[in-house]
1. For a Förster distance of 30 Å, can you work out the FRET efficiency between the beta-carbons of Ala269 and Ala100, rounded to the nearest 0.05?
2. Give me the distance in nm between label points sitting 7 Å out from Cα along the Cα-to-Cβ direction at Glu54 and Leu276, one decimal.
3. Working from Cα positions, state the angle (0 to 90°, nearest 10) between the long axis of helix 9-18 and the longest principal axis of the chain.
4. So, in nm, how far is label Asp85 from label Arg285 when the simple model puts each one 7 Å beyond its Cα toward the Cβ?
5. Can you divide the C-alpha Rg of region 240-296 by 2.2 N^0.38 Å and report the result to two decimal places?
6. Counting pairs of alpha carbon atoms under 8 Å apart in space and at least six apart in sequence, what relative contact order in percent does the chain give?
7. By how many degrees, 0 to 90 and rounded to 10, does the Cα axis of helix 235-252 deviate from the longest principal axis of the chain?
8. Counting only helical runs of four or more DSSP H residues, what would the 222 nm mean residue ellipticity of the chain come to if each run contributes -39,500 (n - 2.57) and the total is spread over all its residues?
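All of the numbers you see were taken from the coordinates with simple rules; none came from a lab. Fair warning: this is a prediction, and the values are worked out from it, not measured in the lab. Every residue, glycine among them, receives a Cβ derived from its backbone with ideal geometry; neighbour counts consider all protein chains shown.
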Amino acid sequence: MTAPACFAPEGLRDFAAAYPGGSAPVAHRLHDHPLFRIDALADLAERLPASHVEHNLGNLAVDQRPDAIPRAALSPGEIVRTLADNGCWMVLKKVDVDPAYAALINACLAEIAPVATRTTGAYRRREAFIFLSAPNSVTPFHMDPEHNILLQIAGSKTMRVYPAGDLSIVPQTVHEAFHRGGAHRNMRHDPKFDAHARDFAMGPGQAVYVPVKAPHWVQNGPEPSISFSITWRSRMSDGEARLHRVNQRMRRLGIAPGAPGASPGTDAAKVAGHRLVKGAVALARRAVGKERDRAAY
């Protein structure tokens, strides 16, 4: 039996027109899939490792302080089953560790591969997430390091997406801290940013492609929401991350790095140099490991 298509033809066309740097609506066909029924999701939440489950109360501010996020005293399965009344927000991370959900993300990525892999290179670190939100929940202003298509399965929400790489919204030093691992994903939001944003209202069967590190926040509608996030990294996203790591190292040495994009040749040299150095370090570590193994033998 042939698996059903993940995306509608018009969704694939919209994705192709926007990828990789622009946000876009993407119509999909997964809103009635049995893997997204409440009982299936509750079972998934209960069998996933604890490190793959994050939850908190959903009545947060757009610029919520990371150290003041309240949580509910419920088990993961209880949160899923009582989502309509418990006021919670939950994310099930890396659900592709489960074979059924892994097959689903692989099918979706296969459909967009002719565009995605041709433009940004082979898929790297493909992962899937499921977001469950109580009515009127808010996902605060943040950015993510992956290419992402967020598919609305049940309920409604509005995602406000800001341009990726706009240093007036996310300063260069924040990007550098993000890739150093020293910054929480939630960021400071200024209402002035909204003049540059695009709103995507989503119901079942609708999705949005969010470019790498395009800032965004989400307002849930008046009913419980289920969303499926398909993410992947690429040679492009890897290069962007490496560039900020090099710039952060330069800054620590007292050298002010240029803004990303101001000198593409210099940016490319930084990325190539970082790959070369990290590759050499990895080779050296493997060689040392082999010598230790021989000595132990």
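1. Working: r = 44 Å, r/R0 = 1.48.
It comes to 0.10.
2. With each label placed 7 Å out from Cα toward Cβ, I get 3.6 nm.
3. It works out to around 30 degrees.
4. Roughly 5.0 nm, to one decimal.
5. Values: Rg = 15.7 Å, N = 57, 2.2 N^0.38 = 10.2 Å.
The value comes to 1.54.
6. In percent, rounded to a whole number, it is 23.
7. For helix 235-252, the angle is close to 60 degrees.
8. Values: 8 runs with 112 residues, N = 297.
That calculation yields -12000 deg cm²/dmol at 222 nm.
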